[in-house]
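This report refers to the structure that appears directly beneath it.
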Amino acid sequence: MNIHEYQTKELLKNYDVTVPAGRVAHTISHAGSVAEDIGGSRWVVKAQIHAGGRGKGGGIKLADSIEEVQKLSDQMIGSRLVTHQTDNTGHLVQRVLVEQAFNIEKEFYLGLIINRSSQRITLIASSSGGMDIEEVARETPEKVIKEIVDPAVGLHEFQCRKVCARIGLVDKHMQAGVKLMKRFYRCFRDKDALLAEINPLALVEGDRLVALDAKMTFDDNALFRHPDITDLRDFDEEDSKEIEASGHGLNYIALDGNVGCIVNGAGLAMATMDSIALHGGRPANFLDVGGGASPEKIANAFRIVLEDPSVKGILLNIFAGINRCDWIANGIVQAIRDQEIRVPVVVRLAGTNVEQGWVILEESGLEYIKATKLDTAAKKIIEVINEKEQ
Ligand code: GDP
Ligand code: MN
């Protein structure tokens, strides 16, 4: 689960990481009063969406007066912000963060991730922070410093000092850097995060280290023990079909192809997507209906997949181990009896009671294309979609 920048900053503030004075605003007049409350003579207006690259996309603007804060908020709130991290329709901006602006002397990058190969939290830092960090990582990877954390002892002081030295947080800045890294790590651990970034971490006038931008992603499987984090979920930033699917116990992830997939088991779903790709097609989604695929679940799966207008055909791939194909077939028949299926459907059944399964489908009068092997099923659905498209 992702959260907004202003929410991440609130969290970090609770861990004594310095963030700019600021508050979120949903309306133009509120944005103006936030700026007045903060005081000073310069502010930053920041569009709050779950995507990075806002600076380059026009979602981060400096203002020199309250009127300008309001004008910029007016432009941002209600508009759709497109960045290199969004698709070309962008995200709807529903709120802005209004903050005091700083004169930046230097920008650093600071990140924490779970490194899957070492299976450990890794601190990542660079002296070349700011908006071009992806380019830095690609072209000058030696400028990206990594420090692996031993889970038994946590992030050591000496590790922080080493990282500070390598990114140039030295002399009077080192102590502040070390403190900040330790606090950042503690927040990450306490909240079961998967990823956290402070970019830029800025050295500003008065020799202070301030987190000017912050982003955090949490482990969905650990949310049950963090009701405070769960409350921060912004459903508007998520795919509505994914939210609906999770309510029905289905594991659905929207993708950008045109072959709708309904599969039992995550591994088989991955294999199905691979087969589709191998034969030149592109899956429109990942959908795992799970082990006990009841008629209701299959019905919901069809409905959710068909809600996606880019779906031009459906591949239903069931391997019955503990399940039985005759139950599944009954489920399919019930599921689509009440729905208008406007696209071709390829069904592949295998496993326990497969013969009975086919008999049920045949007798139902349902229009479908039969396949017994995954490979042929993938080929067939792509063929029929291509024929229809021509
Ligand atoms: P992102 O592009 O989505 O990562 O948004 P950021 O919050 O990182 O903002 C982009 C850039 O705006 C930063 O890298 C900074 O250079 C700049 N920026 C953000 N806050 C301030 C500020 O208070 N003062 C100044 N001068 N620049 C800022
Ligand atoms: Mn940033």
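Over region 309-390, all Cα pairs binned in 10 Å intervals from 0 give whole-percent P(r) values of 19, 50, 29, 3, 0, listed from short to long. Pairs of Lys residues in region 1-97 that lie 8 or more places apart, or on two chains, and have C-alpha atoms under 22 angstrom apart add up to 9. Summary: within the chain, the longest segment free of trypsin sites (Lys or Arg not before Pro) located in DSSP loops with at most 12 other C-beta atoms within 10 Å is 117-341.
I'd like the orientation of helix 5-14 relative to the chain: the angle between its Cα long axis and the longest Cα principal axis, in ° from 0 to 90, rounded to 10. The answer is roughly 60 degrees. Computed over the chain, the per-residue total of -39500 (n - 2.57) for DSSP H runs of n ≥ 4 gives a 222 nm mean residue ellipticity of -11500 deg cm²/dmol, rounded to 500. A simple count of charges around residue 200, restricted to other residues whose Cβ falls under 15 Å of its Cβ and scoring Lys, Arg +1 and Asp, Glu -1, yields -2. Three semi-axes describe the equivalent ellipsoid of region 66-213; taken as square roots of 5 times the Cα gyration tensor eigenvalues and ordered largest first, they are 30, 20, 15 Å. When the square roots of the Cα gyration tensor eigenvalues are ordered a ≥ b ≥ c, the ratio a/c for region 272-327 is 1.5 or more and a/b does not exceed b/c, which makes its shape oblate.
Between amide H atoms placed 1.01 Å from N, distances below 5 Å from residue 115 occur with 120, 121, 122, all of them 5 or more places distant or on a separate chain. Under the simplified labelling scheme, the residue 66-residue 135 pair shows an inter-label distance of 3.9 nm, with each label point 7 Å from Cα along Cα→Cβ. In the chain, the longest principal axis of the Cα atoms and the axis of helix 374-389 are about 80 degrees apart. Modelled spin labels at residue 189 and residue 173, positioned 7 Å past Cα toward Cβ, are 2.7 nm from each other.
Once the mean of 1/r is taken over each pair of separate Cα atoms and inverted, the chain shows a Kirkwood hydrodynamic radius of 23.9 Å. Exposure proxy for 174, 1, 216: other Cβ atoms within 10 Å of each Cβ, ordered fewest to most, give 174, 1, 216.
Take the Cβ atoms of residue 166 and residue 103, set R0 to 35 Å, and the FRET efficiency comes out at 0.90. Net charge of the neighbourhood of residue 168, taken over other residues with C-beta under 15 Å away and scored Lys/Arg +1, Asp/Glu -1, is +1.
Once the Cβ-Cβ distance of residue 10 and residue 338 is raised to the sixth power relative to R0 = 45 Å, the FRET efficiency obtained is 0.45.
Listed by chain and number, the lysines placed with their C-alpha closer than 21 angstrom to that of residue 172 are 106, 162, 182; residues fewer than eight positions away on the same chain are left out. Computed over region 135-187, the alpha-carbon pair-distance distribution with 10 angstrom bins reads 23, 48, 28, 2, each value a whole percent. Its Cα gyration tensor gives region 239-389 an equivalent ellipsoid. The semi-axes, each the square root of 5 times an eigenvalue, are 20, 18, 15 Å from largest down. Against the main long axis of the alpha-carbon atoms of the chain, helix 295-307 sits at an angle near 60°. Under conditions of 37 °C and 0.692 mPa s, region 186-312 yields 190 µm² s⁻¹ as its translational diffusion coefficient, taking Rh as the Kirkwood radius over Cα pairs in the Stokes-Einstein equation. Applying 1/(1 + (r/R0)^6) with R0 = 56 Å to the Cβ-Cβ distance of residue 355 and residue 219 gives a FRET efficiency near 0.80. With the Kirkwood sum run over all distinct C-alpha pairs, region 21-101 has a hydrodynamic radius of 12.2 Å.
Read the figures in this text as sums done on the coordinates, not as results from a lab. This one's a predicted model, so the numbers in the text were calculated from it and none came from an experiment. Reconstructed Cβ throughout: ideal geometry from the backbone, glycine too, with neighbour counts over all protein chains shown.
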